[in-house]
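**Student:** Sharing a structure with you now.
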Amino acid sequence: MKKEKQKGEKGQNSIANSFMKALKSFSTSIPILLGIILLMGLFRTFVSERIISSMFIGEMLRDTLIGTVIGSIFAGNAINSYIIGGELLKMGVDLFAVTAFIVAWVTVGVIQYPAEAEILGKRFATLRNVLSFILAILISIATVTTLMVIK
């Protein structure tokens, strides 16, 4: 009986610890999310929908390539890319471009390339980024095409 009570207390402690860690993680994410939301507000103010629609003309390959290039340059964590991608969809950007942007944002690291090349080697970093870029295009086309077939 005493062992069962100790197991119950350990379980409660682990749940409480897990909850506190999740709460701490969430609280550190809030400033980042607020910053992204504020930046998107500035982006919407200074970059009009007309400019966005002139970049993304609805042509699958061209829009996908542009989305991949933009996502590759402005890399970051996935949560931010979802917010930005949602805003781009609201502005009328094609789903191919937004999907490519999100995949490239998370997988390709142009900004991190110098550090990655220094730590892991130039050949590895180059090969990983080139393959990630190509795969971002292919994955976005495959994903959106699959979604169209399912509808």
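Each reported figure results from applying straightforward, stated rules to the coordinates on display, with no laboratory input. A quick note: this is a predicted structure, and the numbers were derived from the prediction, not measured. Don't worry about glycine lacking a Cβ; one is built from the backbone with ideal geometry, like all the others, and counts go over all protein chains shown.
**Student:** Once both labels are modelled 7 Å past Cα along the beta-carbon direction, what's the S27-T143 spacing in nm?
**Tutor:** Each label point is offset 7 Å from its Cα along the Cβ direction, giving 3.3 nm.
**Student:** Most mobile of V93, V106, V130 per a Gaussian network model of the chain (Cα springs, under 10 Å)?
**Tutor:** Greatest mean-square fluctuation among the candidates belongs to V130.
**Student:** Kindly write out, for the stretch 77-91 in residue order, the coupling ³J(HN,Hα) from the Karplus curve 6.51 cos²θ - 1.76 cosθ + 1.60 (θ = phi - 60°), rounded to whole Hz, with x marking Gly and Pro.
**Tutor:** Calculated HN-Hα couplings, in order: 7, 4, 4, 5, 5, 5, 5, 5, x, x, 5, 5, 4, 4, 7 Hz.
**Student:** Using a simple charge model, +1 on the beta-carbon of Lys and Arg, -1 on the beta-carbon of Asp and Glu, nothing else, what dipole does the chain show about its Cα centre, in debye to the nearest 20?
**Tutor:** Working: 15 positive and 9 negative charges, 172 e Å.
Result for the chain is approximately 820 debye, rounded to the nearest 20.
**Student:** What ranking do 60-71, 133-144 get when scored by the average of other Cβ atoms within 10 Å per residue, highest first?
**Tutor:** Numbers: 60-71: 20.8, 133-144: 17.9.
Result, highest mean first: 60-71, 133-144.
**Student:** Obtain the nm distance between the two label points defined at I150 and I37 by a simple spin-label model: each point lies 7 Å from its Cα along the Cα-to-C-beta direction.
**Tutor:** Once both label points are built, they end up 2.8 nm from each other.
**Student:** For the Cα atoms of the chain, what angle does the longest principal axis make with the long axis of helix 122-150, in degrees from 0 to 90, nearest 10?
**Tutor:** Helix 122-150 and the main axis of the chain meet at about 90 degrees.
**Student:** Once you have the Cα-Cα distance between A117 and K90, take 0.36 nm times their residue separation minus that, and quote the gain in nm to one decimal. Walk me through the numbers before you get to the answer.
**Tutor:** Working: separation 27, 0.36 × 27 = 9.72 nm, distance 3.68 nm.
Additional length available on full extension: 6.0 nm.
**Student:** Quick one: F26, F74, fewest Cβ neighbours within 10 Å first, how do they rank?
**Tutor:** Working: F26 10, F74 15.
Ranking F26, F74 by Cβ neighbours within 10 Å, fewest first, gives F26, F74.
**Student:** Rounded to two decimals, what is Rg over Rh for the chain when you use alpha-carbon atoms and the Kirkwood radius? Write down the numbers at each step before the final one.
**Tutor:** Details: Rg = 20.7 Å, Rh = 18.0 Å.
Rg/Rh: 1.15.
**Student:** Further question on the same structure: Obtain the nm distance between the two label points defined at V110 and L135 by a simple spin-label model: each point lies 7 Å from its Cα along the Cα-to-C-beta direction.
**Tutor:** Going by the 7 Å Cα→Cβ label model, 2.0 nm.
**Student:** Can I ask one more? If you build a Gaussian network model of the chain, linking Cα atoms that sit under 10 Å apart, which residue out of G35, G121, G86 swings the most?
**Tutor:** Maximum fluctuation in the GNM of the chain, among the listed residues, is at G121.
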